[in-house]
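One structure is given below, encoded as structure tokens.
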Amino acid sequence: MKLQPDKPENWSIHAYGDGWVSVNGERHSQSLVISSHGSLQPWDCQRFEDLKAQHFDLLAASQPEIVLFGSGSRLRFAHPGLFRTLLDRQIGVETMDTLAACRTYNILAGEGRRVVAALLVEPV
């Protein structure tokens with residue numbers, strides 16, 4: 001019997017560091033949104049101070065169970081009003097630093113959960 005290693009059917013974060021995240025082997029040095037159900041796109045927000053409700057409103061369109069907000073190199077909590085659209089649609093939101101959000105995304109995506117990670121990747 002020939003055995004083959006499992007290949008994830010979704011995006012997976014393979015590595016990360018200060019100022020970058022590697023998704024399926026491709027290194028990204030800008031903020032991004034990664035979805036367990038098939039999308040990876042740049043996130044038009046490079047600094048925590050620039051966050052607006054519109055940044056999070058776009059995440060609701062993919063109808064995730066939960067959004068992981070990676071707040072950058074350290075844990076910072078955005079104003080709850082920024083998440084209003086997500087909360088109104090009963091989509092859970094968890095805030096953590098970007099590196100913790102990467103790890104948590106992999107676990108939840110591996111369980112088959114509909115998860116979106118919005119990751120602030122700050123320039124070093």
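The values are calculated or read from the model by the stated rules, or taken from the named source; none is laboratory data. As the structure is a prediction and not an experimental result, all values here were calculated from the model. Positions of Cβ are backbone-derived with ideal geometry, glycine not excepted, and every protein chain shown enters the neighbour counts.
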Out of the residues in region 16-56 that are touching a helix residue (DSSP H, G or I) at 6+ places or on another chain (Cβ under 8 Å), outside any strand (DSSP E or B) and not hydrophobic (A, V, I, L, M, F, W, C), which is farthest from Leu108 (Cα to Cα)? Lys52
Considering only region 108-115, I want to know if a residue exists there that is at pLDDT 95 or above and under 18 Å from Asp44 (Cα atoms). no
For region 63-78, give me the residue count where each residue is surrounded by fewer than 17 Cβ atoms within 10 Å (Cβ to Cβ) and within 19 Å of Ser31 (Cα to Cα). 5
